[in-house]
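Worksheet: one structure, shown below.
The values are calculated or read from the model by the stated rules, or taken from the named source; none is laboratory data. Note that the coordinates shown come from a computational prediction; the quantities given were computed from them, not determined experimentally. For neighbour counting, all protein chains shown are included, and Cβ atoms are generated from backbone atoms with ideal geometry for every residue, glycine included. Surface areas here come from the heavy atoms of the whole protein model, side chains and all, with no ligands, DNA or RNA. Shrake-Rupley method; radii C 1.70, N 1.55, O 1.52, S 1.80 Å.
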Amino acid sequence: MSGLEPSAYKLFIDGKWEGGSRVMTVIDKFTGECVATVPVADGEAVDRAIAAARAAFPSYSRLPAHKRHEILQKATQLFDARKDVLAALIAREAGKPLKYALAELNRSVETFRFSAEEAKRIHGETVPLDASVAGEGRIGFWVRVPVGVVAAITPFNFPLNLVAHKIGPALAAGCTVVLKPASTTPLIALRMAEIFEEAGLPPGVLNVVVGPGGVVGDRMVADPRVSKVSFTGSPPVGEAIIRKAGLKKVTMELGNNSGTIIEPDADLDAAVPRCVVSAFANSGQVCISLQRLYVHRDVAVEFTRRFVEATKALKVGNPLDHDIDIGPMIEEGEAIRAEAWIREAIDQGATLLCGGKREGRILYPTVLADVSPAMKVMCEEAFAPLVSIVIYDSFEEAVRLVDDSPFGLQAGIYTNDIKKAFYAIDRIDAGGVMINDSSIFRVDHMPYGGNKLSGLGREGVPFAVEEMTTIKMVMIKP
Ligand code: NAP
């Protein structure tokens, strides 16, 4: 651990591990035990991290592509070799059931591998300048150049893979980074920095500071030495960051209240288990979690019976147990908030089909019916193990309802009718429409991001590399 004890983590600034006068405690979200302490970065530490990233930029941005590839490739191998230990850490600090924590590790390995590959592919194009009279006799081409220092701010729910989606493309592109992970889940990000140090990343290229978003994050975002802010988190924080960032590139990966439609021709054997996982994986704390489930009247009784039965069979308990499906939510306050939304919906006429019970941070997987669009469980982002079933008669109406949202990240449509599929693709204003799957489908090299309140820009390794670079035009008059 390069001098790091598991119970006393340090900040990573300019290639050095450093303590601080104030520390915070990171707890196991199931047992409440202290997993580790971490120093809280003060303003001076944040300034030094940005200065280190700025100072490292000229030489790192000129490091040949094959060397950036090698560092990322070596880090990928180290992540792969340490998967089990790192997954257990995520299970504890994020409360994520081990099988999902392992799935996150596998995806993170892939995200870093895609980033290593992408480091070799960054290139520009020639421009036929003589298409204009003024361009005659001139040679034109453009190249992609790294933007500079990236401020990366990440949420708790995928504490490694969502970090990987920023750090991998930034390092591939030749950018230097200051990362601030979520305060509830900073440990895995510090372990990642340790792996990059071991993989040979030069000092100052990656810096990790920990502390409250409103203080540490705010300082990073406002700093003029930062060229780009890459943020994943909630829409209100995203909007606050955009106001603060000023004239910088920004990528915003924000929330959603995803809808999925089940048409009568859907394969229920495939759709039911997939929709259960989509609604309840990581206790619904996934930005593309299935929250609004629109089921055609012809299959509503059968679908709902099977869906509720499968939901009741989910195992709730300690995330470190291999067969657990549902662990604690990130904070008790979040579980209390979601429980209150369920109670409010029931008071307004919704029917509780299962769940609704809370024990501390654990909210049992909850299915509601007889909901209406104005209820919070429908029109806001639940980010909890909570799904509502709506019965519909007309496909066009179901598509309209899925699209009737302030968010627009991803949606799912189960149908084998190609005309219906294209009707939905055409009308749903979202970053992605998944046919014969739920809203939750994602692999890490596809373009991923939202419209409306769900964000700005796209991640997915090749697309994030574009966001981490800018174009420089070159004209040569021989
Ligand atoms: P959050 O409260 O917005 O926090 C995200 C990050 O922003 C944390 O590191 C937080 O620090 C920091 N932060 C808070 N206030 C800040 C400020 N004023 N300036 C700069 N940084 C600030 O989100 P969360 O609760 O961790 O995550 C849940 C949200 O993320 C949901 O809305 C979910 O949909 C969204 N999400 C979106 C995607 C996507 O790809 N579209 C993926 C995952 C999650 P602290 O931890 O110290 O507060």
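Using θ = phi - 60° and the Karplus relation 6.51 cos²θ - 1.76 cosθ + 1.60, list the HN-Hα couplings for the range 294-310 in order, rounded to whole Hz, with x at every Gly or Pro.
9, 10, 4, 3, 4, 10, 5, 5, 5, 4, 5, 4, 5, 5, 5, 4, 5
So if R0 is 45 Å, what FRET efficiency would I336 and T470 give, r being the distance between their Cβ atoms, rounded to the nearest 0.05?
0.50
Have a look at the range 259-444 and give its Rg and Dmax from the Cα atoms, expressed in angstrom.
Spelled out, the Cα radius of gyration and Dmax of the range 259-444 are 15.5, 47 Å.
Once each part is reduced to its C-alpha centroid, what is the distance from the range 244-281 to the range 125-204 in angstrom?
Computed from Cα coordinates, the inter-centre distance equals 26 Å.
When the accessible area of the range 39-100 is split by element with a 1.4 Å probe, what percent falls to carbon and sulfur?
55
Once phi is turned into θ = phi - 60°, what whole-Hz ³J(HN,Hα) does the Karplus curve with 6.51, -1.76 and 1.60 give for every residue of the range 462-478, x standing for Gly and Pro?
Once rounded to whole Hz, the list reads x, 6, 5, 4, 4, 5, 8, 10, 9, 9, 10, 8, 10, 10, 10, 9, x.
Taking Cα atoms, how many degrees apart are the long axis of helix 83-94 and the longest axis of the chain, rounded to 10 and kept between 0 and 90?
60
Per the Kirkwood definition applied to all pairs of different Cα atoms, how many angstroms is the hydrodynamic radius of the range 40-192?
The Cα-based Kirkwood calculation yields 17.2 Å.
I'd like to know how the chain sits against the 2.2 N^0.38 Å rule of thumb: what's its Cα Rg over that expected value?
Expressed relative to 2.2 N^0.38 Å, the Cα Rg reads 1.01.
May I ask for the angle, rounded to the nearest 10°, between helix 418-427 and the longest principal axis of the chain, with both axes built from Cα atoms and the value confined to 0 to 90°?
So the inclination is approximately 60 degrees.
Accessible area per residue of the range 259-444 at 1.4 Å probe, in Å²?
39
For the range 259-444, what % of the accessible area comes from carbon and sulfur atoms, probe 1.4 Å?
Carbon and sulfur: 52 percent of the exposed surface of the range 259-444.
Which one, A116, A411, L98, projects farthest toward the positive side of the charge dipole computed for the chain from Cβ point charges (K/R +1, D/E -1)?
A116
At 1.4 Å probe size, what's the solvent-accessible area of D47? Round to the nearest 10 Å².
Probe radius 1.4 Å; accessible area of D47 about 50 Å².
Please give the calculated 222 nm ellipticity per residue for the chain, where each DSSP H segment of at least 4 residues contributes -39500 (n - 2.57) and the sum is spread over every residue; nearest 500 deg cm²/dmol?
Using -39500 (n - 2.57) per qualifying helix, the result is -12000 deg cm²/dmol.
Output the Kirkwood hydrodynamic radius of the range 1-114, Cα pairs only, in Å rounded to one decimal.
16.3 Å is the Kirkwood radius here.
Evaluate the range 214-313: find the radius of gyration of its Cα atoms, find its Kirkwood radius, and give the ratio Rg to Rh.
1.22
Quick one: helix 43-60 against the long Cα principal axis of the chain, what's the angle to the nearest 10°, folded into 0 to 90?
So the helix axis and the longest Cα principal axis differ by about 60 degrees.
Counting only residues 5 or more places away or on other chains, whose amide H sits under 5 Å from the amide H of G408 once H atoms are built in the peptide plane?
So G408 has HN proximity to N451, L453, S454.
Within the chain, what's the longest run with no GluC sites (Glu not before Pro) in a DSSP loop and at most 10 other beta-carbon atoms within 10 Å? Give the range, please.
Within the chain, the longest run free of exposed GluC sites (Glu not before Pro) spans 137-478.
To the nearest 20 debye, what charge dipole does the range 365-478 have about its Cα centre, counting +1 at the Cβ of each Lys and Arg and -1 at the Cβ of each Asp and Glu?
520
To the nearest 10 square angstrom, what accessible area does K244 show with a 1.4 Å probe?
The accessible area of K244 comes to roughly 100 Å².
D130 to D47: FRET efficiency via 1/(1 + (r/R0)^6), r the Cβ-Cβ distance, R0 56 Å, to the nearest 0.05?
0.70
Past 22 Å, Cα to Cα: identify those pairs from K99/K315; K96/K315; K249/K376, in the order given.
K249/K376
Which entries in K166/K248; K120/K248; K83/K166; K120/K180; K29/K166 show an alpha-carbon gap greater than 22 Å?
The pairs that break the limit, which is 22 Å between Cα atoms, are K120/K248; K120/K180; K29/K166.
Counting other Cβ atoms within 10 Å of each Cβ, which trypsin sites (Lys or Arg not before Pro) in the range 1-63 have at most 14 and sit in a DSSP loop?
Answer in residue order: R22, R62.
Provide the per residue accessible area, probe 1.4 Å, for the range 62-145, rounded to a whole number of square angstrom.
I get 50 Å² per residue for the range 62-145.
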